[in-house]
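The values are calculated or read from the model by the stated rules, or taken from the named source; none is laboratory data. Quick caveat: nothing in here was measured; it's all calculated off a predicted structure. Heads up, the Cβs are rebuilt from the backbone with ideal geometry, glycines too, and the neighbour counts pull from every protein chain shown. The accessibility values were calculated without ligands, DNA or RNA, using every heavy atom of the protein model including side chains. Shrake-Rupley method; radii C 1.70, N 1.55, O 1.52, S 1.80 Å.
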Amino acid sequence: MSWLHIAYLLIFALDLVTACVIIFVERHNAAVTWAWLMVLLFIPVGGFILYVLFGQHVSRYRLARFRLRNAPWVARAAERQRRQVEAGDLAYAEPAAQRHADLIALNLKTAYAIYTEDNRVDVFVRGVDKFESLFEDIRRAKDHVHLEYYIFRPDDLGARLVHLLAEKARQGVEVRLLYDAVGCAWTPKSFFEPLLRSGGEVAAFFPSRIPYVNLRMNNRNHRKIAVIDGRVAYVGGFNVGDEYLGKDERFGFWRDTHLRIEGSAILELQSIFLLDWNSSSPQPLEFDDRYFPRINGRTGTTGMQVVASGPDTDWEQIRNAYIKMIYAAKESIYIQTPYFVPDDSLLTALKIASLSGVDVKVMLPGKPDHLWVFWASRFYLGDLLQAGVQCYLYRDGFLHAKMVVTDRELASVGTANIDIRSFKLNFEVNALIFDRDKSGHLADLFERDLEKCDRLTLEQYRTRPRAERIMESCARLLSPIL
């Protein structure tokens, strides 16, 4: 027997063992299992390597460190409020919250998402405006600045932000920056040296000891959080990089949605940051009172819940919140997302809503940033169009917003895309807004964006080129693992 035959038998045995692990040990859902079996079948040599890189999950023991119940005051307050909601004793100043009390209860039970009504919310759709506001808030910081980003580019915007953070650290402000090791794979650690030399702290989420190879790359921290002095916070879709300012010629204008928050909702964003920081830094932080200052008076009137989700729990909290919002809608559902790879439950919810007479509109980018997910997203539009859902392709640059608005009174803005990766694998965070004025404003922004879109009809979809159909089908089959 030649060495070639021996090598082939060894590869076959390795793939067979891997297939058994996938089926009987890992216990993925059916779509993920079939996707990995296809990879092992059609890429016998590289399939095992791909599984090692993309198919591994962090142990439940380690993931337990991320759970919000590990934040003591959050767990106690959420349990107390949950009992109030179930007993009907929680008073709501906002009528939209009263109508969606069951959604509030769901988020309290599964995500420890405390409901607050004293928030002021500003909405940003342009990176220039968002970062100008963030920089100004950082300049005013007196005690601490906590930043958490999936992507932090070593470009002009990144350099300006690091310089400002270093300046604040020299002034005695506590500065902590947490970045995702995969999202910042091409950002050298030396880029953060000015901040470190000034006394700031920097940590990477799930770093790898092997350069450019991360065996835990499947579970990414996709959150974008900024908390300044426990009094101002930001959450949404913008990462740190020049392309988010519209400076990348490939994408042009970058359309995103980001929130600036004042009020009690900040305290939960602070808790999420501290948990993520403590899981990543050799210098963990206590849940000290000064990180959670008492909010004196009402800074606003917007009702909010901050919902975090990730692989550290069996509940897909953000997905479940989306589905609950969709089924509760009576008049309209507006969705903006750069990636649309829903599971069957969410896809069915959208189709049922449309067939029931609800005005359902879905807006996706007209140009790709990740080609494979772009094609997978197109695959699902056929089912929506057949059910009467109106589908739009954004043409004025790149659409990166992650927003859902229902009945112009309830909205979700955050980091989670409408895709399986966001629901099952990534660490995400969304802000749910129970407010007719603010949700109506977000709906107005959506309707304004319609003027910059091409509407896709069912006839256009059915007559698309055969090559596109093949690409969409292949991308869809592998989408659960990419």
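How high is the relative contact order of the stretch 238-327, given as a whole-number percent (alpha carbon pairs under 8 Å, six or more residues apart)? Working shown, then result.
On the way: 47 pairs, mean separation 17.9, N = 90.
Here the relative contact order equals 20 percent.
Are there GluC sites (Glu not before Pro) in the stretch 202-296 that DSSP puts in a loop and that have at most 11 other Cβ atoms within 10 Å, and which ones?
Working: sites: GLU243, GLU249, GLU262, GLU268, GLU286; in loops: GLU249, GLU286.
When the GluC sites (Glu not before Pro) of the stretch 202-296 are filtered for loop state and at most 11 Cβ neighbours within 10 Å, GLU249, GLU286 remain.
Mind checking which of TYR339, TYR327, SER356 is farthest towards the positive end of the stretch 313-357's charge dipole, using Cβ charges of +1 (Lys, Arg) and -1 (Asp, Glu) about the Cα centre?
Among TYR339, TYR327, SER356, the one farthest towards the positive end of the dipole of the stretch 313-357 is SER356.
Compute, for the stretch 169-294, the length of the dipole vector about the Cα centre, with Cβ point charges of +1 (Lys, Arg) and -1 (Asp, Glu) only. Units Debye, rounded to 20. Don't skip to the end; give the middle numbers.
Numbers: 16 positive and 16 negative charges, 41 e Å.
For this selection, approximately 200 debye.
Calculate the length of the line joining the C-alpha centroid of the stretch 249-298 to that of the stretch 414-432, in whole Å.
After rounding, the separation between the Cα centres reads 16 Å.
Please report, in debye to the nearest 20, how large the charge dipole of the stretch 247-376 is about its Cα centre when each Lys and Arg carries +1 at its beta carbon and each Asp and Glu carries -1 there. Kindly include the intermediate steps, with their values, before the conclusion.
Values: 13 positive and 17 negative charges, 116 e Å.
Computed charge dipole of the stretch 247-376: roughly 560 debye.
Take the alpha carbon gyration tensor of the stretch 239-329, find the square roots of its eigenvalues, order them as a ≥ b ≥ c, and report rounded if a/c is under 1.5; if not, report prolate when a/b exceeds b/c, else oblate.
Working: a/c = 1.38, a/b = 1.21, b/c = 1.14.
Because its axes are fairly even, with a/c under 1.5, the stretch 239-329 counts as rounded.
Sticking with the crude label model, points 7 Å out along Cα→Cβ, report the distance from ARG83 to ARG170 in nm, one decimal please.
5.3
How about the stretch 134-191: which trypsin sites (Lys or Arg not before Pro) there are in a DSSP loop, with at most 16 other Cβ atoms within 10 Å of their Cβ? Please list the in-between numbers first.
Values: sites: ARG139, ARG140, LYS142, ARG160, LYS168, ARG170, ARG176, LYS189; in loops: ARG140, LYS142.
Sparse-neighbourhood loop trypsin sites (Lys or Arg not before Pro): ARG140, LYS142.
Which entries of LYS142/LYS247; LYS224/LYS351; LYS247/LYS424; LYS168/LYS247; LYS168/LYS224 show an alpha-carbon separation above 29 angstrom in the structure shown? Please list the in-between numbers first.
On the way: LYS142/LYS247 32 Å; LYS224/LYS351 31 Å; LYS247/LYS424 32 Å; LYS168/LYS247 27 Å; LYS168/LYS224 20 Å.
Flagged as over cut-off: LYS142/LYS247; LYS224/LYS351; LYS247/LYS424.
Modelled label-to-label distance, TRP315 and SER356, 7 Å Cα→beta-carbon offset: nm?
2.2
Once each part is reduced to its C-alpha centroid, what is the distance from the stretch 347-396 to the stretch 90-156 in angstrom?
Taking the Cα centre of each part, the stretch 347-396 and the stretch 90-156 sit 27 Å apart.
Which residues does the label zone of ARG448 cover in the stretch 115-129, counting backbone N under 17 Å from a point 7 Å along Cα→Cβ?
121-129
Would you mind working out the accessible area per residue for the stretch 385-482, using a 1.4 Å probe, and quoting it in Å²? Before the final figure, lay out the partial values.
Values: 3680 Å² over 98 residues.
On a per-residue basis, the stretch 385-482 sits at 38 Å².
Once Lys and Arg get +1 and Asp and Glu get -1 on their Cβ, which of ILE228, GLY300, GLY183 lies farthest toward the positive end of the dipole of the stretch 177-313?
So the residue we want is GLY183.
Got a sec? Charge dipole of the stretch 64-206, +1 on Cβ for Lys and Arg, -1 for Asp and Glu; which of GLY88, GLN98, PHE205 is way out at the positive end?
Ranked along the dipole, the leading option is PHE205.
About its Cα centre, how strong a charge dipole does the stretch 362-482 have in debye, to the nearest 20, once Lys and Arg get +1 and Asp and Glu get -1 at the Cβ? Could the numbers behind the result be given before it?
Values: 17 positive and 17 negative charges, 101 e Å.
For this selection, approximately 480 debye.
Where only protein heavy atoms count, and the probe is 1.4 Å, what is the accessible area per residue for the stretch 149-258 in Å²?
Computed with neighbouring chains in place, this is 39 Å² per residue.
Using the basic label-point model (7 angstrom from Cα toward the beta carbon), what is the LYS142 to ASP129 distance in nanometres?
2.9
Please identify the GluC sites (Glu not before Pro) of the stretch 387-482 that satisfy two criteria: DSSP loop assignment and at most 12 other Cβ atoms within 10 Å. Which are they?
GLU451
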